[in-house]
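The values are calculated or read from the model by the stated rules, or taken from the named source; none is laboratory data. In this text the structure is predicted, and so the values were computed from the model without any measurement. For the accessible areas, the whole protein counts, side chains as well, though only heavy atoms, and no ligand, DNA or RNA atoms are used. Shrake-Rupley method; radii C 1.70, N 1.55, O 1.52, S 1.80 Å.
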Amino acid sequence: MNLKPSLLDNQKQGMRVSHEDEQASYQLSRHLSSLLPSTSHRPVVVVCIGTDRSTGDSLGPLVGTKLTAQNLSSFHVYGTLEEPIHAMNLNDTLKQIQRFHKNPFIIGIDACLGKMKNIGTVSIGIGPVKPGAGVNKDLPPVGDIHMTGIVNVSGFMEFFVLQNTRLYLVMKLADLIADSIVKASYQFPSQEKNTSFLQRLGKYKA
């Protein structure tokens, strides 16, 4: 579902919050709740993209691992440290999600590079994430909405920059994103969880 920004009120335009803001989790969860479907008949699927082979790019799998540990009853989570979703299996993953979830509402989670002043912030808004854009990979966009954490600076040797990103910062951003999603899930109508397609079809390996 793509909505033009002009059709939305200012509250739904998108926002960026620093992980150092004491109200960050509350602000993100409230904004996320405002973007979610109003009915549980449309399943919410959280797709956490990245790989544990790169510190900067491990944000998504870290978020997925933290969410899986919470055993959320209302959201379906894909992409963890054990079963990462990355360039090699992203297309197949998206096809399987569409197969096992009827008209899913997808939240795309990914790390990204940005301006120096924005490092350590989390962005949330309408529209998909574009995995691999920072390292010139042509991958399909993911999500009706997105949550991204800016882990380092863009503009030069992006692959090397991701490899040399501080794990401490990535962990702080993962904690913030996961906590805000958990808070938002409490406000969403519960539905019976389906078995992950990764469990049905076997695990992907990094």
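At a 1.4 Å probe, what is the % contribution of carbon and sulfur to the accessible area of the range 25-145?
That share works out to 49 percent.
Hey, which of these cross-link pairs are over 24 Å Cα-Cα: K115/K172; K102/K172; K137/K183; K95/K183?
K102/K172; K137/K183; K95/K183
How large is the accessible surface per residue of the range 65-137, computed with a 1.4 Å probe and reported in Å² as a whole number?
In whole numbers, the range 65-137 has 46 Å² accessible per residue.
Identify all aspartates and glutamates with a Cα-Cα distance to K117 below 14 Å; exclude those on the same chain that are fewer than 8 residues away in sequence.
E20
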